[in-house]
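One structure is given below, encoded as structure tokens.
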Amino acid sequence: MSVEHAAQFRKAIKIYDKTKSINENDLKTILTTGALAPSSNGLEPVKLIVIKDPKLKEQAAMTCFMAGNHQKVKDAPVLVLLLGANSTYLTSEEFLTKRLGRLFTGEILTKNINGISNYLKTYPNLDMFSDEQAHIVASFMTLQAADLKIGSSIMGGVTPTQAIPFFQEHNIVDTTKWHLALGLVFGYYDDNTPGTTFPRLRIATDEFVTIF
Ligand SMILES: Cc1cc2nc3c(=O)[nH]c(=O)nc-3n(C[C@H](O)[C@H](O)[C@H](O)COP(=O)(O)O)c2cc1C
């Protein structure tokens, strides 16, 4: 499938077929493509938690998402929670050394860490810096899923504060370092089930784009 065709195929799925699972190879492909998403300064401030276990997924639905997303999360076979690095962790020497230490060493590394740290501190809300990168990862993953003819939903309707005790209870992630930014579900669906998708609505190209 071309990228254009994948973009046409992808729609926000509202009702999933809970009897159909996603095979391991396809899931791996979707996750690998997510990892290939670009990030500002190559910092990769995004981490994925994949939940397939039905009981844990149901608990995640109720604690990490707004009511309108509960059923989708319960029914879709794969839930992916996209976590963003918290502002203090993002600007820490520990995190920046991990990321920038892949490119630089010694004095140049120190200089780059200080430079990026100062740049990041100019952001009005640093949690949002990570969240922006999470959205790019989500785009890559949902397009990849479309290429495999797998349905997906991007869910900004998350409840990051309520998710903290859930993460802690199940030892999912260090909540001093990471917060819930975005949710994704993947699965199969039946287009003939009413309400599965909404009509495709887009503003006219000449309203969306101005070319000089
Ligand atoms: C950042 C973002 C957040 C979204 N959050 C939700 C959500 O919480 N729940 C939901 O059902 N759909 C959500 N959507 C889906 C949009 O409503 C949907 O993409 C839009 O209406 C266009 O429809 P289409 O994707 O089928 O073309 C979200 C989409 C994006 C990009």
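Read-outs: derived from the displayed coordinates by stated rules, not from any lab. The structure displayed is predicted, hence computed values, not measured ones. Please note: Cβ atoms are built from the backbone with ideal geometry, for glycine as well, and neighbour counts cover all protein chains shown.
For Phe104 and Ser21, calculate 0.36 nm times their separation in residues minus their Cα-Cα distance, and state this gained length in nm to one decimal.
25.6 nm
Among the lysines in region 90-204, how many pairs, 8 or more places apart or on different chains, have alpha carbons under 19 Å apart?
Summing the qualifying lysine pairs gives 5.
Stretch Arg202-Ser92 to full length: gain in nm at 0.36 nm per residue minus the Cα-Cα span?
Result: 35.5 nm gained on full extension.
If I stretch the segment between Lys28 and Lys111 completely, what's the gain in nm (0.36 nm per residue apart, minus their alpha carbon distance), one decimal? All intermediate terms of the calculation are to be shown ahead of the outcome.
Working: separation 83, 0.36 × 83 = 29.88 nm, distance 3.66 nm.
Between Lys28 and Lys111, full extension yields an extra 26.2 nm.
Enumerate the calculated ³J(HN,Hα) couplings along region 20-25 in order (Karplus 6.51 cos²θ - 1.76 cosθ + 1.60, θ = phi - 60°), each rounded to whole Hz, writing x wherever the residue is Gly or Pro.
Going residue by residue, I get 10, 9, 9, 6, 4, 5 Hz, with x marking Gly and Pro.
If you take every residue apart from Asp190 with its C-beta less than 15 Å away from the C-beta of Asp190, what net charge results, scoring Lys and Arg +1 and Asp and Glu -1?
+3
What does the charge add up to near Asn171, with Lys and Arg as +1, Asp and Glu as -1, over the other residues with Cβ less than 15 Å from its Cβ?
Once all neighbours under 15 Å are counted, the net charge is -1.
Highest mean first, what order results for 201-210, 126-135 on Cβ atoms within 10 Å?
Order by mean packing, descending: 126-135, 201-210.
What aspartates and glutamates could a cross-link reach from Lys28, if we take a straight Cα to Cα line under 16 Å and drop same-chain neighbours fewer than 8 places away?
Lys28 reaches Asp147.
What is the packing order of peptides 105-115, 139-149, taking the mean over residues of other C-beta atoms within 10 Å and listing the highest first?
Output ranking for 105-115, 139-149: 139-149, 105-115.
Stokes-Einstein at 37 °C, 0.692 mPa s, Kirkwood radius from Cα pairs: D for region 53-145 in µm² s⁻¹?
Working: Rh = 15.7 Å.
Rounded to a whole number, D works out at 209 µm²/s.
Let me test this: with uniform point scatterers at the alpha carbons of the chain, what is the Debye-based log₁₀ I(q)/I(0) at q = 0.18 1/Å?
Those come out to -1.27, one per q.
Roughly what angle does helix 126-147 make with the longest principal axis of the chain, taking Cα atoms, 0 to 90 degrees, to the nearest 10?
Rounded to the nearest ten degrees, it is 40.
Per DSSP H run of n ≥ 4, the term is -39500 (n - 2.57); total these for the chain, divide by its residue number, and report the mean residue ellipticity at 222 nm rounded to 500 deg cm²/dmol.
Details: 10 runs with 99 residues, N = 212.
Taking each H run of at least 4 residues, the total per residue is -13500 deg cm²/dmol.
Please give the net charge around Leu148, taking every other residue with its beta carbon less than 14 angstrom from that of Leu148, where Lys and Arg add +1 and Asp and Glu add -1.
Numbers: positive: Arg10, Lys20, Lys28, Lys149; negative: Glu24, Asp26, Asp147.
Within the 14 Å Cβ shell, the charges total +1.
If the reach is capped at under 16 angstrom between alpha carbons, list the lysines near Lys55, excluding any in the same chain fewer than eight residues apart.
Here the lysines satisfying the reach criterion relative to Lys55 are Lys18, Lys72, Lys74.
Using Cα-Cα distances under 8 Å and only pairs 6 or more residues apart, what relative contact order does region 3-208 have, in percent?
Taking the mean separation of contacting Cα pairs over the length of region 3-208, I get 37 percent.
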